[in-house]
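Structure, as structure tokens:
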């Protein structure tokens, strides 16, 4: 039976079914570039993706994140999210390589397909004239062939630079990407990966003095998250230039 009370979670920890994952990242100021020229603020991946260990330990059916620690050298906000690899686009050809769709989940006793915003991330640096991209996706209601407006790429965007894909006006999330392409540019080069995001939480660092800030996921949210083996956790910096050192640690307990 899934853990549902604080006492049950404490007993699980006392029995040794807990784990911690730490990540330290040094990022250059260049990552503070915007990926699209129409972006209002900088967005960058703060840490390397943390993948929850596989396989699950005997007697464990999921990981429940219980506490996060974060440290940064500048004031900024963070978006913590679970990622789905929706595919990538090599700008040169251009060539789109398909990834996975969001999985199905049971929520309130009803099975449905997950959906979320699409985050584009530079994984191979872009050249000085990379052109523009459009993305065709399946929306939150299952409507296929939804084509975005053209997104103009920023010249020479560095690895780790990110931007959210603007969807069709009536859509608020996507289940899958079916294709993406690049137009224009001058001998464009670079690779962009597309991630589907399921938000775990949003946090902030109001101090610029390296304060270590904890977040309790059991008391700050009414719905604890259950993460599967192999799920990837991302931390995205929002609206800040000159991204610097960050230290993150996540504590989790094994659900039964």
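Every read-out reported here was derived from the displayed coordinates using simple, explicitly stated rules and does not represent laboratory data. In this text the structure is predicted, and so the values were computed from the model without any measurement. A quick note on method: Cβ atoms are made from the backbone with ideal geometry, for glycine too, and the neighbour counts reach across all protein chains shown.
Ranked by the mean number of other Cβ atoms within 10 Å of their residues, highest first, the peptides 160-167, 227-234, 171-178, 196-203 fall in the order 160-167, 171-178, 196-203, 227-234. Note that the range 77-126 shows a convex hull volume over its alpha carbon atoms of 101 Å³ per residue. Cα extents for the range 80-183 along the principal axes, largest to smallest and rounded to whole angstrom: 50, 26, 22.
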